[in-house]
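Notes for the one structure printed next.
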Amino acid sequence: MMIRFVYPNAKPRENKFIGCGRFFASLPENDFGLKPVNPDIVNVQEVMDAAEKLAPESFHSEKTVYEIKDIPEEKYEGDSLDLAYLLALISRSQEVAFCHDTHETDIWCTGCIDIKNNEMPYLKQVKPPGFSIKLRAFISQDKDVLFIVPVANIQPEHKKLLEDSQVRLLFLKQLQKDKAEFAELLKQKTILAVHGTELKQLTGFIFPKPADTAESNRKKRFLFFLIAIIFMIAVPGVFMLYQKFHQKSQNSLIMSYDSKLQNKKPENLTEPETGMIFVWIPGGCFDMGCDTGADDTCSEYETSVHRVCVDGFWLGKHEVTQAQWIKRMGSNPSWFMECGPDCPVEQVSWNDVKAFIQKLNENNKIAGAFCLPTEAQWEFACKNGGTENILPEIIEADTTYKTGQIGEDISGLCDMKTNVMEWCDDTFSHTAYQGHSLNNPVYTGQGQYKVARGSSWSMPSAYLPCTHRSKYLTDAISGNVGFRLIWVPSENSLKG
């Protein structure tokens with residue numbers, strides 16, 4: 001059995017599909033008449049680093065990676081070889097889970113790999129013109145049945161094309177939950193859409209780790225038994241003392257903090273220039289993060305649950321619209337312009353939003369300043385202060401839609417978990433929660449990624465929890481990401 005990871009070759013400037021290149025792993029003694037591959041990838045070192053982080057054992061394999069092309073003399077001009085090469089590297093030491101019944105299988109892949117600051121590798125979208133060419137080429141193939149793509153590349157016109165061509169569109173979390181779909185994966189032409197933060201889950205899905213040997217299991221059981229005895233003898237007394245002290249200390253902090261909060265809810269406030277409406281969210285304390293005991297969709301960087309408190313704050317009732325963006329910036333960057341001026345602005349990077357805020361603060365007519373919410377503020381508002389927030393029914397859509405179309409939640413906010421994801425002020429880190437303070441936490445550590453919260457028009461229901469976190473580079477744009485703002489009043493702005 002041979003699994004080949006295919007990268008489609010397109011020339012967007014000529015609107016032309018050239019053919020495919022294929023990476024595959026094999027032992028050197030197999031006579032393919034080929035030399036081990038030296039891929040023509042700009043960030044090949046990042047791909048190698050990603051493979052080592054995701055599957056270090058692949059670098060101890062005797063297998064090597066080879067490459068063949070439909071047209072050997074053609075130079076690839078795209079930006080999407082990364083994912084195919086990464087999966088080929090990992091396949092040196094691991095078998096593909098769903099390809100046992102076929103002698104030779106091609107799996108199409110497109111996507112750029114990014115890894116910064118020793119964090120988990122990230123899957124970035126590829127250039128849209130080239131992606132459309134590759135998608136049409138895949139649909140036209142007779143045999144190839146699986147194409148792995150970044151979710152960010154799937155646009156409404158692509159969904160329509162897939163429907164007309166009777167090609168399935170599946171999301172990774174949807175597939176992981178539905179074992180029937182898993183078994184049928186290579187029996188129908190399928191697009192598998194993967195979010196940027198799901199690269200680790202993708203490789204775990206394609207290459208499930210082999211079962212431990214009996215000897216390894218015996219050693220693990222013995223070690224576990226030994227550790228359990230030590231814990232039973234030594235730990236309980238120390239742990240009880242610590243818990244008693246810690247709970248007393250935290251309870252006193254929370255009681256002191258709650259006593260300072262101003263929970264009176266004023267009328268909504270409207271910014272006169274743009275018409276943005278702001279809703280008062282009374283402060284309080286709540287359990288931030290995803291509870292793995294209650295929700296099996298938790299990602300590792302959404303845990304663990306921890307107690308935090310936030311001051312009351314003014315949060316935008318709606319996501320910032322295209323019309324409001326144009327009033328300050330003079331142009332509309334949105335992919336979904338045809339949706340209309342009252343639809344959320346998207347395809348704005350974190351840096352773009354900061355520029356918008358700067359202009360808004362330079363010219364605003366009400367005393368105070370505007371900023372992005374922190375993760376803690378956003379999740380607190382989404383959860384209605386930590387209790388279950390009753391949201392309007394989420395609608396499935398192929399595009400963004402007018403803000404507020406589905407109504408308000410019980411906090412008076414609209415579209416907190418749909419329409420577009422929303423930028424937050426925090427720097428993204430898998431371990432951010434470990435450094436959170438009790439009061440008004442925000443993670444401002446070094447890093448090129450910023451946090452986006454919530455869900456968008458293109459996401460499956462698995463992404464609806466208020467705890468879901470995504471990350472994007474500060475200059476990244478997507479039709480799935482917009483923002484809403486916080487208004488921070490000056491001392492005298494509410495008097496009079």
- Hey, could you check segment 475-490 for residues that are open to solvent by 10 Å² or more (accessible area, probe 1.4 Å) and of a type outside the set (D, E) and say which is nearest to Q347 (Cα to Cα)? I477
- Task: Go through segment 418-469 and give me each residue that's of a type in the set (F, W, Y) and within 30 Å of L170 (Cβ to Cβ).
- Result: W423, F428, Y449, W457, Y463
- Message: Is it the case, given these coordinates, that V149 is touching a helix residue (DSSP H, G or I) at 6+ places or on another chain (Cβ under 9 Å), more than 18 Å from K160 (Cα to Cα) and among the β-branched types (V, I, T)?
- Response: no
- Note on the structure: Subset of segment 129-146, residues within 13 Å of C20 (Cβ to Cβ) and without any contact (Cβ under 8 Å) to a residue 60 or more places away in the chain, comes to S140, Q141, K143
- Query: Which of the residues that make up segment 120-131 are open to solvent by less than 30 Å² (accessible area, probe 1.4 Å) and either farther than 19 Å from S458 by Cβ or not in a loop (DSSP other than H, G, I, E, B) (or both)?
  - Reply: P121, Y122, L123, G130, F131
- Can you name the number of the only condition in (1) crowded, with 18+ Cβ neighbours inside 10 Å; (2) modelled with pLDDT under 90; (3) more than 22 Å from the chain's Cα centre (by Cα) that F138 fails? (2)
- So which residues in segment 56-74 are more than 32 Å from the chain's Cα centre (by Cα) and crowded, with 17+ Cβ neighbours inside 10 Å, if there are any at all? K63
- Query: Restricting attention to segment 345-367, does a residue exist that is under 18 Å from T270 (Cβ atoms), modelled with pLDDT of 95 or more and of a type in the set (K, R)?
  - Reply: no
- Of everything in segment 432-461 that's open to solvent by less than 20 Å² (accessible area, probe 1.4 Å) and of a type in the set (G, A, S), which residue is nearest to the chain's Cα centre (by Cα)? A452
- Message: Can you pull out every residue in segment 299-321 that is of a type in the set (G, A, S) and under 24 Å from Q434 (Cβ atoms)?
- Response: S299, S304
- Just checking, how many residues over segment 392-416 are at pLDDT below 85, under 22 Å from the mean Cα position of the chain (by Cα) and open to solvent by 30 Å² or more (accessible area, probe 1.4 Å)? 4
- Has segment 347-367 got at least one residue that is among the hydroxyl-bearing types (S, T, Y), open to solvent by less than 40 Å² (accessible area, probe 1.4 Å), under 22 Å from the mean Cα position of the chain (by Cα) and more than 23 Å from V442 (Cβ to Cβ)? no
- Message: Quick check on segment 304-313. Is at least one of its residues open to solvent by less than 60 Å² (accessible area, probe 1.4 Å), touching a Lys or Arg at 6+ places or on another chain (Cβ under 8 Å) and either of a type in the set (A, V, I, L, M) or under 30 Å from E157 (Cβ atoms) (or both)?
- Response: no
- Query: What do you reckon, is K143 part of a loop (DSSP other than H, G, I, E, B) and either at pLDDT 90 or above or open to solvent by 10 Å² or more (accessible area, probe 1.4 Å) (or both)?
  - Reply: yes
- For segment 37-55, how many residues are in a loop (DSSP other than H, G, I, E, B) and open to solvent by 40 Å² or more (accessible area, probe 1.4 Å)? 3
- Is segment 326-333 home to any residue that is touching a helix residue (DSSP H, G or I) at 6+ places or on another chain (Cβ under 7 Å) and of a type in the set (K, R)? yes
- Right, C290: at pLDDT below 75, among the hydrophobic types (A, V, I, L, M, F, W, C) and surrounded by 17 or more Cβ atoms within 10 Å (Cβ to Cβ) or not? no
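The values are calculated or read from the model by the stated rules, or taken from the named source; none is laboratory data. Small disclaimer: the values here were computed from a predicted structure and weren't measured. All Cβ positions, glycine included, derive from the backbone under ideal geometry; neighbour counts span all protein chains shown. Side chains included, ligands, DNA and RNA excluded: accessible areas come from the protein's heavy atoms. Shrake-Rupley method; radii C 1.70, N 1.55, O 1.52, S 1.80 Å.
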